[in-house]
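Student: Questions regarding the structure given below will be posed in turn.
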């Protein structure tokens with residue numbers, strides 16, 4: 001069995017959110033709607049990292065913080081115009097998505 005946790009982030013517009021997360025290297029894996037016009041529930045992946053993006057009220061709270069470890073935080077910092085900070089555990093940046101969710105992204109120290 002492959003056990004894991006998958007954070008769910010609330011988004012107002014899944015299409016807009018997917019485009020933003022694509023800048024972080026995520027790709028849309030799948031999307032579900034119970035019927036056309038109803039809220040979307042989307043899965044996005046970046047290698048082994050998976051996030052769920054939900055337009056459903058009550059699935060997740062706005063302003064959630066998720067920590068992601070990546071191989072090269074400097075590449076993402078450059079893409080978003082962020083300045084990495086040195087922490088004892090990682091070199092990291094913090095970004096906010098269009099819906100107010102916060103992503104702390106770091107490259108672990110060796």
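Student: Arrange the peptides 27-36, 62-71 so that the one whose residues have, on average, the most other Cβ atoms within 10 Å appears first. If you can, show how the numbers build up before the last one.
Tutor: On the way: 27-36: 10.9, 62-71: 13.9.
Highest to lowest by the protection proxy: 62-71, 27-36.
Student: 7 Å from Cα along Cα→Cβ at both residue 82 and residue 38: what's the point-to-point distance in nm?
Tutor: 3.4 nm
Student: Then there's this: By how many nm would the segment from residue 4 to residue 16 lengthen if fully extended, with 0.36 nm per residue of separation less the alpha-carbon distance?
Tutor: The span from residue 4 to residue 16 would gain 1.7 nm if fully extended.
Student: Report the dimensions of the stretch 8-108 along its three principal axes from the alpha-carbon atoms, largest first, rounded to Å.
Tutor: Computed over the stretch 8-108, the largest-to-smallest principal extents equal 46, 23, 21 Å.
Student: Suppose we keep just the DSSP beta bridges with both residues in the stretch 8-108; what percent of those would be antiparallel, to 5? It would help to have the intermediate numbers written out before the result.
Tutor: On the way: 20 of 28 bridges.
Of those bridges, close to 70 percent are antiparallel.
Student: If you average the alpha carbon positions of the stretch 31-48 and of the stretch 90-110, how far apart do those two centres end up, in angstrom?
Tutor: 23 Å
Student: Computed FRET efficiency, Cβ-Cβ of residue 61 and residue 31, R0 30 Å: what is it to the nearest 0.05?
Tutor: On the way: r = 22 Å, r/R0 = 0.72.
With R0 = 30 Å, the Cβ-Cβ based efficiency is 0.90.
Student: Another question about this same structure. Ranking request for peptides 8-14, 48-54: highest mean number of other beta-carbon atoms within 10 Å first, then the rest in descending order. Intermediate values should be presented prior to the final figure.
Tutor: Working: 8-14: 19.4, 48-54: 17.9.
For the peptides 8-14, 48-54, the packing ranking is 8-14, 48-54.
Every number here is computed from the coordinates shown, using simple stated rules; none is lab data. Keep in mind the model is a prediction, meaning the values are calculated, not measured. Neighbour counts run over all protein chains shown; Cβ positions are idealised from the backbone, glycine included.
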